[in-house]
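Remarks on the structure that follows.
Each reported figure results from applying straightforward, stated rules to the coordinates on display, with no laboratory input. Keep in mind the model is a prediction, meaning the values are calculated, not measured. Cβ atoms come from the backbone with ideal geometry, glycine included; neighbour counts cover every protein chain shown.
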Amino acid sequence: MEIPCHVILENTNYFQWWSYIVDLLRIKYLYIIASGQESKPKDEDKATKWENRKYQARGLIGMSISLDLRFHITELDTPNEVMKQLTKFFGIKNESKAHQLKNELLTLHPNKFSSIEDFLSKFKNLRFLLEAIKVKKEDGSLIYSIITKLGLAYSMYVSTFHSTREAFNSQGQDYKPPSFDSLCDSLIREQEKLLHLGLLNLVNSSKKVLADQHQPNSNNPKNQYPKKNGPKPNKGPKPNKGPKQF
């Protein structure tokens, strides 16, 4: 069964697309030929099969590209040429892309997500995208970036984290911080414990996230909910119709 292209290359998602298309070519056993690592066999029968696989890879890559961008590769026949051409046009924007991703990583906050898993998933994705453009973020800086943003419910966890480090330092021992992945695992376990103790409510957190996303502009509270067609005219007091007749 054919696997559809779930990620289509556009002007702003090159790195996401690249990761996707490489995996797609791999599971179809086409990556080696698409990357130019496999030469054409001398045997005629094998050469014919090799040509078919080459065009299959070329077609698969082409179908994963937005129609507006296919003009970049219309005259290229081999998948390796296509991949190099796309990298030339979209993959060299590393400096501006790195700045954008770094800024997004720095401003990412767990309070904006309905669960710690969602926050960590987004955090890991940004880290992966940075590594794809050769920007390496050390585990230590990523860990402290997360620790400093955890909410009040995680105060005991944060306190234990810092006290453990201080205990090692006070004894003159080298403190080895946890790896980024182990910290993520421990935070997910901590969330489960807080939920069990009733100290955290993901339903309320989810509502808070939705409220933040739909909160009206608070710069001018008087204009948040303008009256439709202006205020109603004052018609004055109602006339006295006298006592009711029975």
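What to note about this one:
- Taking 5, 184 and counting other C-beta atoms within 10 Å, the order from fewest to most: 5, 184
- Fewest-first ranking of 33, 116, using other Cβ atoms within 10 Å as the exposure measure: 33, 116
- Amide H contacts for residue 9 (H built 1.01 Å from N in the peptide plane; partners 5 or more residues away or on another chain; cut-off under 5 Å): 65, 66.
- Full extension of the chain between residue 7 and residue 107 gives 33.4 nm of extra length, using 0.36 nm per residue less the Cα-Cα distance.
- Look at 174, 68, 185, 139 and count the other Cβ atoms within 10 Å of each Cβ; fewest to most, that gives 174, 68, 185, 139.
- Number of Lys-Lys pairs in the stretch 93-151 with C-alpha atoms under 17 Å apart and a separation of 8 or more places or on different chains: 24.
- Charge dipole (debye, nearest 20) of the stretch 14-90; +1 at Cβ of Lys and Arg, -1 at Cβ of Asp and Glu: 140 debye
- The stretch 195-201 - phi-based ³J(HN,Hα) in whole Hz, Karplus 6.51/-1.76/1.60, Gly and Pro as x: 5, 5, 7, x, 8, 9, 10
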